[in-house]
Amino acid sequence: MVDQSTLLKVEDLEVAFYSSSNTVKAVNGISFNLKRSETIGIVGESGSGKSVTATSILGLLPPRTSKIEKGSITFEGKNLVSLPAKQMRKIRGNEISMIFQDPMTSLNPVFTIGNQLVEVICLHQNVSKKEGMQRAIEMLRLVGIPEPEKRIKQYPHEFSGGMRQRAMIAIALACQPKLLIADEPTTALDVTVQAQILNLMKDLQEKLETAIILITHDLGVVWENCDKVIVMYAGNAVEATSTENLYEKPLHPYTWGLLDSRVKPDEDMLTPVPGSPPDLRNEIKGCAFATRCKYAKEVCFEKKPSLIEVEKDHSVACHFQKNDQRLVRDGGYQ
Ligand code: SF4
């Protein structure tokens, strides 16, 4: 039962991709809730299942080669997994929008920014083209594009990278969605523009009360912008808690690895997580992180750890992080 303040509830979501010779289990039982005006970060390396989770929520999985095997995605009381395509089209772009990593491949190069914005507004809001144009100018102004009356007539190639990302945000927010999914929205941008775009998203969230799913590989982005966070590895949630908890007391060895591999102002060297993620075409026995984990023991290669709540609102999937026993970063037990 979805309570009043819960906007989105993802429960035990499993997604698989198929080819003639293989099955890839891309997401293995992810669950989370999101309230209005709340931001959740989904963190992990490429191939961890972050973007597949987002694509599933939007109903944009490739129909012939993928399938939601199990679970539900409840948005405002409606299960999106079983919603007819026509109803899903009304929700997508209107109530749930997405900002992609690379605006150049998401914006159509042969249409002006104005055309693309007005199309979205007119499609979902049932307004005249003239009114749509007026709203489009207001949206460009809202996202900080100077001289929006002039800029609206320009093509994507006439915008800088940061401006294109702002235009993408304007398109995504044009219909004032209740949920915004931002998939690595600032990865292609330099640090200054990155901060501007993230601040802009926060400002707009306050004004429009939008809930945000922020997909990123950068824990720094999570600290600054998210209320809670899920760390994903090889299609599994390995740690789920509030941003504060994860910052003060991360518990999963993979999260420790992500923290060690961040750029730190006072250190010259990064410590990358050794090895590479497992090939998801092969069946994984035990903990998916075992081949890269310096704390792994025999049991890790034999039995998959379940995600369990070891402290209030802090869940971890590790055989050695339990209520009565704690693995300590850099060795030993507590
Ligand atoms: Fe490492 Fe074992 Fe914990 Fe997996 S279950 S994270 S391999 S210690």
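None of the figures in this text is laboratory data; all of them are computed from the coordinates on show. Only a predicted model underlies this, so the values are computations on that prediction, with no experimental measurement involved. Glycine also receives a Cβ, built like all others from the backbone with ideal geometry; neighbour counts cover every protein chain displayed.
Beyond 33 Å, the tail of the calculated P(r) for the chain holds 30 percent of the Cα pairs. To the nearest ten degrees, helix 129-142 and the longest principal axis of the Cα atoms of the chain are 50 degrees apart. Anisotropy class assigned to the stretch 210-334 is rounded, per the alpha carbon gyration tensor with a/c under the 1.5 cut-off.
A Förster radius of 45 Å combined with the Cβ-Cβ distance from Leu83 to Asp260 puts the calculated FRET efficiency at roughly 0.60. The modelled label-to-label distance for the pair Gln154/Leu270, using points 7 Å beyond Cα in the direction of Cβ, is 3.2 nm. Bridges between two residues of the chain, per DSSP, are antiparallel at a rate of about 65%. Compared with the alpha-carbon gap, the fully stretched path from Glu283 to Ala195 is longer by 27.7 nm at 0.36 nm per residue. Taking label points 7 Å from Cα along the Cα-to-Cβ direction, Trp223 and Val127 give a separation of 4.0 nm.
The angle between the Cα long axis of helix 113-125 and the main principal axis of the chain comes to about 80°, on a 0 to 90 degree scale.
Taking every Cα-Cα distance in the stretch 8-164 and sorting them into 10 Å bins starting at zero, the pair-distance distribution P(r) comes out as 9, 31, 31, 23, 6, 0 percent. Summing Cβ point charges (Lys, Arg +1; Asp, Glu -1) relative to the Cα centre of the chain gives a dipole of roughly 1080 debye.
Cross-link partners for Lys303 among the lysines, with Cα-Cα distance under 30 Å and sequence neighbours closer than 8 places in the same chain left out: Lys9, Lys25, Lys50, Lys67, Lys70, Lys228, Lys249, Lys285, Lys294, Lys312, Lys322. When peptides 224-237, 113-126, 174-187, 59-72 are sorted by average Cβ neighbour count within 10 Å, with the highest value leading, the order is 224-237, 174-187, 113-126, 59-72. Shape descriptor for the stretch 106-174: Rg over Rh equals 0.92 (Cα atoms; Rh from the Kirkwood inverse mean 1/r).
Using the Cα gyration tensor of the stretch 142-221, with a ≥ b ≥ c the square roots of its eigenvalues, what is the shape: rounded (a/c below 1.5), prolate (a/b larger than b/c) or oblate (neither)? Since a/c reaches 1.5 but b/c is at least a/b, the shape of the stretch 142-221 is classed as oblate.
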